[in-house]
Amino acid sequence: MTGSYRDLVIRLTAERHLRGSAEYRHLLDPEAIREDVELLHEAARRVARVVFGSKVYARALIEITNRCRNNCLYCGLRRDNRSLSRYSLDTATIVECCRRAHDAGFRTFVLQGGEDPAATVERVCSMVAEVHGRFPDAAITLSLGEWPDAAYEAFFEAGATRYLLRHETRNSRHYSRLHPPEMSLDNRLRCLATLKRIGYQTGTGIMVGSPFQTAGEIAEDLEYMADLEPEMIGIGPFIPHGATPFACFPPGSVDMTLRLISILRLMFPNANIPATTALATLGGEGRVKGILAGANVVMPNASPSEVRASYSLYDGKACRGRESIEGLDTLKRELDAAGYQLTFEKGDFKCMILNHR
Ligand code: 5AD
Ligand code: SF4
């Protein structure tokens, strides 16, 4: 027997966890009444206010390569997508992007890319060291997929302190339906455990509404994250890409994405949780909606504008206007109107004061 929706929200707020899958599934019940869901968002918003005040942390997202050796069934960058023109930015171009972002105020660079077959540990390290040397007051977040343990150690030595690697799903049967046979959930989990052990602020997460996902699997994801204790959590709706095997699957739900953001905020009061680009793409005013559900980070696109269209994870990906560093003023205004201020502070997880309760 689970409690009422409201009771669960109150208990999750007080205790930061629920008792098992059924209770989490109850919070995700599509039949839940609007007022109850609004209560969930309110509780999450309040917790974010206590921890972060009215601040929303800005990070510059630089998409350094769209080449990828992998063939994830959901992703437009998969190697079998021959309709994409491929690029990788050289270090000088990456530094130039960082310079623009730094001039605009950013003090965190998120360097994201596919698993480029040409990338070696040495090349990534020398790029990271170059960025770190030129912008010593900025934090470097990498999001470059799966690597051997020694590579993660080397990137950390070179100056990267944060790493994003979504686990995508904690259920191995589900994982094998989203990925080709040569990829394994075990390896993904090994990578995440290593990143934590090395001392990275580690980010993980899932797509909401990915093909074959059930509420039971989402509950497993939440239980996994409760064990891992990630410092960052990326949650966005699945959005189909026309040149993938999942072209005909429906997109994930914005409502469920927002509910998950709120649940995760209540589970992890001081985690960095972005209002993701996928949410902005589907949700219209997606970034602000995400913030009002308890997210505290935005990641405007700072890639060179001529490559942005080629970083096509899914169809219609927002990368211009208020979703980009050129549209920072619009984003600032929108956040302002909602009662929030954009900040360029690094917002290191470990430096934040845990003043919740
Ligand atoms: N829809 C939404 N998100 C996607 N990603 C990849 N493909 C899609 C898609 N079709 C997300 C994955 C990956 C991150 C870089 O982008 O979760 O971890
Ligand atoms: Fe490559 Fe990442 Fe896309 Fe998978 S999700 S195909 S690893 S870019």
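Of all residues in the stretch 216-249, those being out of contact with any Pro (no Cβ under 8 Å at 6 or more places or on another chain), more than 16 Å from ligand 2 (Cβ to nearest atom) and assigned to a loop (DSSP other than H, G, I, E, B) number 3. Looking across Gly316, Gly327, one residue alone is part of a loop (DSSP other than H, G, I, E, B) and modelled with pLDDT under 90. It is Gly316. If you go through the stretch 141-183 and keep only what is among the hydrophobic types (A, V, I, L, M, F, W, C), more than 12 Å from ligand 2 (Cβ to nearest atom) and without any contact (Cβ under 8 Å) to a residue 40 or more places away in the chain, you end up with Leu142, Ala150, Ala151, Ala154, Phe155, Ala158. Given the structure, is Gly290 among the small types (Gly, Ala, Ser), crowded, with 24+ Cβ neighbours inside 10 Å and touching a residue at least 40 places away in the same chain (Cβ under 8 Å)? Criteria not met by Gly290. Hey, any hits in the stretch 307-321 for a residue that's among the polar types (S, T, N, Q) and within 16 Å of ligand 2 (Cβ to nearest atom)? Yes, there is a match, as at least one residue in the stretch 307-321 is among the polar types (S, T, N, Q) and within 16 Å of ligand 2 (Cβ to nearest atom).
When only residues in the stretch 224-246 that are under 12 Å from the mean Cα position of the chain (by Cα) and of a type in the set (Val, Ile, Thr) count, which is surrounded by the fewest Cβ atoms within 10 Å (Cβ to Cβ)? Break it down stepwise before answering.
Initially, the stretch 224-246 is screened for residues under 12 Å from the mean Cα position of the chain (by Cα), giving 230-237.
Then drop every residue that is not of a type in the set (Val, Ile, Thr), which leaves 233, 235.
Values: Ile233: 26, Ile235: 29.
So, considering only residues that are under 12 Å from the mean Cα position of the chain (by Cα) and of a type in the set (Val, Ile, Thr), the one surrounded by the fewest Cβ atoms within 10 Å (Cβ to Cβ) is Ile233.
Taking strands (runs of 3 or more DSSP E) as the structural unit, those lying wholly within the stretch 10-123 and holding at least 3 residues that are within 16 Å of ligand 2 (Cβ to nearest atom) and of a type in the set (Val, Ile, Thr) correspond to 60-65. For the condition of a type in the set (Val, Ile, Thr), within 16 Å of ligand 1 (Cβ to nearest atom) and within 30 Å of Thr244 (Cα to Cα), Thr214 does not qualify.
In this structure, Arg166 does satisfy being modelled with pLDDT of 95 or more and in contact with a Gly (Cβ under 7 Å, 6 or more places away or on another chain). Just so you know, in the stretch 68-113 the residues that are touching a helix residue (DSSP H, G or I) at 6+ places or on another chain (Cβ under 8 Å) and under 30 Å from Ser176 (Cβ atoms) include one that is farthest from ligand 1 (Cβ to nearest atom), and it is Leu111. Is it the case, given these coordinates, that Val56 is surrounded by fewer than 14 Cβ atoms within 10 Å (Cβ to Cβ) and under 26 Å from the mean Cα position of the chain (by Cα)? When the stated conditions are applied, Val56 does not pass them.
The values are calculated or read from the model by the stated rules, or taken from the named source; none is laboratory data. Everything numeric in this text was worked out from a predicted model, so none of it was measured. Don't worry about glycine lacking a Cβ; one is built from the backbone with ideal geometry, like all the others, and counts go over all protein chains shown.
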